[in-house]
Amino acid sequence: MDLLWRSAPVAGVDAVFISNTESTVVSMTAGERGLFTVTIPSGPYDRVAFYPARQADTAQPLGGIWRLDGQADDTAAAVNFVPDTLSAFYYDSGDSPSYWGPAPGNDSDTALMTLANPQPGNPQPGDQLYFVNLHKLKGDETDPIVTVEARFIQLPHDGTDSPIWTNGKQYIGRTMYEVRDGVYVVSFPQEITESSSTNTSGYLYEEVAFNLTRQSGYKDPFNRHYNFRDLKHASQMPETWGDPGYFGYIAGTMDTYYYNTDVEDSYWNAHPFNADASIHGQMVYFDTKDYGATEEQKIGNLYLR
Amino acid sequence: MPTSYLDYQYDQNYGFLLSSRTNTEGVFYFRMPTGQNNLSENTVFTLTYVIEAGSSHAGTHTFLFTYVPRSGFDCLMLDYLWEDTGEVWGNYGAEPADPDTTRVYFNNAVTAFGKIQVLFGTKKQDGSYTWVSGQEASDATWAKDHRAYAEGYESWARGWLDMEALDPAERVEGHAIPNNVWAFEGVPDTYTHVMFRGALNAGADNGKGNNFWFSPPLEISTAYSYPCFFGYRYLDESSYGQAKDDVTLESHDHHVLNGGWGSLVQQYSLGDASMDVPQGSGFVNQNNVYYATTSLYDYYSMWEQSGESSTKNTYLSQYDSSRNLPNLWGPQGLLWNLAVSEYFDQKDTSANQAQPLYFGSGGSMVEGGWGSLLSGGQFFSIFPF
């Protein structure tokens, strides 16, 4: 998966399968949206690397060499390759690291994960997190968002230069894959299960934020954090957006950040199915009570279109 | 999204004006159209809401959303949007803020009492009632600060409690409240029934029942988040000298308080609060919704038919001048409404018999009235009032 297919696409990809005694080069089949696929050839291969097409002998691999049996060695990093589950390599040619994850856009897989992992606020590695650009879906985006980076953030953290943290130690940044126009997806990294003896949740990583880059190069000032373990007041931001928001992540049903005009009117909910599930006849309610804080705001007419 | 749907007004700039309300204050609903449209989880809706003049954020605001009910949430909570937590979806019909207590309100606009009191209780299986005693009310933290009697309260058989007039400047759930509403809040929800009594004189002697008009035992309405009793005073000759029910355990001198439950914050728009039955193709009945078909009659008195105003005072009770009774009826329209009300009270109201829906009106006529058809969950009402 070429994460930057929209802004800096890779022209073509060759997969090189490697064993201790031999290697073979297979040209990957290009699909839409940066997707390249290949069938693993028969043979004693336990490693794979990806190269720009026809440059396996001259170029550096795209994102390193990987041992598929989960055993790292001096020449290769490790991935526990599992067909259909951990079978996609997300290549980032920009600043963020590449990573392995499930193939994107398979809603039924997500639904199965939901059954296996119903506890809110307890995502597992590989669980998918979505970002929906509402204005792109609507078709009225003026300065289009071209990349969305999800940042999985440790607690405690400092807030002095958020979101422009550059040390890379307080968060894991991953460019999200635009699986459909305006719909981005990323999987939680393996580190999500790292424990903490000081955090209430018992886990080191608790928050997520998004780093947006627009076509003009403008970056939305997105220092709003959300505690995906549904813990309110687990941390504080020093200024601008006050306390972090919070939600109880559940794969499939509470897994999507809907980005509106800015962080103030954006929200979490379930991701929209790829299958364009109909909502005919569904009832939606609008609760106008209590609108406002210390000073009540009186809501008049509501319109829907 | 189509541009024409049922009876909704459509604004070219903003879309459908949401006019269908649930029976919960401040909650609107919209049923996604069926038929030839492509509405899906990927459809982006634009909600435009107007913050009225006088609010600090007055003006027109928009909010984009998709509707993905798979999350289990079906209700967009605009206050959560304001709170900016990132969680804006909730469930319609969620528990009230404090599910362990209840509250009752009394709309005093017609009765014009100077003192209003309540007595809480429960109904036993044999149909009789158990009322809070003076001793119980003295001991209970929720009650003791509201005791009706300054001294010797513990010895009273009944623990009448003072209601307090709400400040008209207060707001409830963001809604303005009408003038002359009295409240008792924080009642343990184990008490399911209530009696009201009111005296015209704020300094009326609590120990003399004949200073008061008494309601019959009433089940506290659960159809409203803020159940409010809309009372009117009534002289019940039939109860004179008789022991009809618990009311007569106190000497009320046939001063009876009648009325019905409504909502504290919606008594001026109960008609709007009823929901539209979607008409036209594609509508599917839901099992958990009660649908009713009815004929509506708009009654006019001969007085009105002669071109007179229903607001004109035409009647002064001179039932018994020796008792110095006040002006009970006043406006002619009120008299007429009460007559209709009493007529139906005496009719057989069992199934398939006429059961009027009585709206009253906020202006000239008696305010409020029966809301019973709105109890019991979702109710799709019927009237293009």
Here the residues within region A:129-150 that are crowded, with 16+ Cβ neighbours inside 10 Å and part of a helix (DSSP H, G or I) are A:LEU134, A:HIS135, A:LYS136, A:LEU137
Just to be sure, is B:GLU170 closer than 30 Å to A:GLN297 by Cα, open to solvent by 20 Å² or more (accessible area, probe 1.4 Å), touching a strand residue (DSSP E or B) at 6+ places or on another chain (Cβ under 9 Å) and modelled with pLDDT of 85 or more? no
Per the filter on region A:251-266, residues facing chain B (nearest Cβ under 7 Å) and surrounded by fewer than 24 Cβ atoms within 10 Å (Cβ to Cβ) are A:THR253, A:ASN260, A:GLU264, A:ASP265
Of the residues in region B:57-67, those that are open to solvent by less than 30 Å² (accessible area, probe 1.4 Å), of a type in the set (Ser, Thr, Tyr) and out of contact with any Pro (no Cβ under 6 Å at 6 or more places or on another chain) come to B:TYR67
Scanning region B:1-22 residue by residue, those surrounded by 18 or more Cβ atoms within 10 Å (Cβ to Cβ) and at the interface with chain A (Cβ under 8 Å from one of its Cβ atoms) turn out to be B:TYR14, B:GLY15, B:PHE16, B:LEU18, B:THR22
Filtering region B:35-68 for residues that are of a type in the set (S, T, N, Q) and either within 27 Å of the chain's Cα centre (by Cα) or assigned to a loop (DSSP other than H, G, I, E, B) (or both) leaves a count of 8
Checking B:THR85, B:THR3 in turn, the sole residue that is at pLDDT 85 or above, in contact with a Lys or Arg (Cβ under 9 Å, 6 or more places away or on another chain), hydroxyl-bearing (Ser, Thr, Tyr) and in a loop (DSSP other than H, G, I, E, B) turns out to be B:THR3
Checked against (1) in a loop (DSSP other than H, G, I, E, B); (2) more than 7 Å from every other protein chain (Cβ to nearest Cβ); (3) in contact (Cβ under 8 Å) with a residue 60 or more places away in the chain; (4) farther than 30 Å from B:ASP167 by Cβ, B:THR122 satisfies every condition except (1)
Taking region B:197-215 and keeping only residues that are touching a residue at least 40 places away in the same chain (Cβ under 8 Å) and open to solvent by less than 60 Å² (accessible area, probe 1.4 Å), one is left with B:ARG197, B:GLY198, B:ALA199, B:ALA204, B:ASN206, B:GLY207, B:GLY209, B:PHE212, B:TRP213, B:PHE214, B:SER215
Original post:
Is there a residue being more than 7 Å from chain A (Cβ to nearest Cβ) and outside any loop (DSSP other than H, G, I, E, B) anywhere in region B:23-34?
Top reply: no
Subset of region B:72-94, residues among the aromatic types (Phe, Trp, Tyr), at the interface with chain A (Cβ under 7 Å from one of its Cβ atoms) and closer than 20 Å to B:VAL50 by Cβ, comes to B:TRP82
Flagged in region A:267-303 as crowded, with 23+ Cβ neighbours inside 10 Å, assigned to a strand (DSSP E or B) and among the polar types (S, T, N, Q), in numbering order, are A:ASN269
When region A:143-172 is checked residue by residue, the ones that are modelled with pLDDT of 85 or more, more than 16 Å from the chain's Cα centre (by Cα) and among the acidic types (Asp, Glu) are A:ASP143
Flagged pairs (Cβ under 6 angstrom, 6 or more apart or on separate chains; first in region B:42-53, within 7 Å of chain A (Cβ to nearest Cβ); second among the aromatic types (Phe, Trp, Tyr) and assigned to a strand (DSSP E or B)) are B:PHE45/B:PHE65; B:LEU47/B:PHE63; B:THR48/A:TYR303
If we ask which residues in region B:30-56 are farther than 30 Å from A:ASP181 by Cα and open to solvent by less than 50 Å² (accessible area, probe 1.4 Å), their number turns out to be 3
Margin query: Quick check on B:THR111: is it open to solvent by less than 20 Å² (accessible area, probe 1.4 Å) and either more than 13 Å from chain A (Cβ to nearest Cβ) or assigned to a helix (DSSP H, G or I) (or both)?
Written below: yes
Scanning region A:48-86 for residues that are of a type in the set (Gly, Ala, Ser), more than 17 Å from A:THR24 (Cα to Cα) and either assigned to a strand (DSSP E or B) or open to solvent by less than 40 Å² (accessible area, probe 1.4 Å) (or both) gives A:GLY63, A:GLY70, A:ALA77, A:ALA78
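The values are calculated or read from the model by the stated rules, or taken from the named source; none is laboratory data. Keep in mind that this is a model prediction, so the values were computed, not measured. Glycine also receives a Cβ, built like all others from the backbone with ideal geometry; neighbour counts cover every protein chain displayed. For the accessible areas, the whole protein counts, side chains as well, though only heavy atoms, and no ligand, DNA or RNA atoms are used. Shrake-Rupley method; radii C 1.70, N 1.55, O 1.52, S 1.80 Å.
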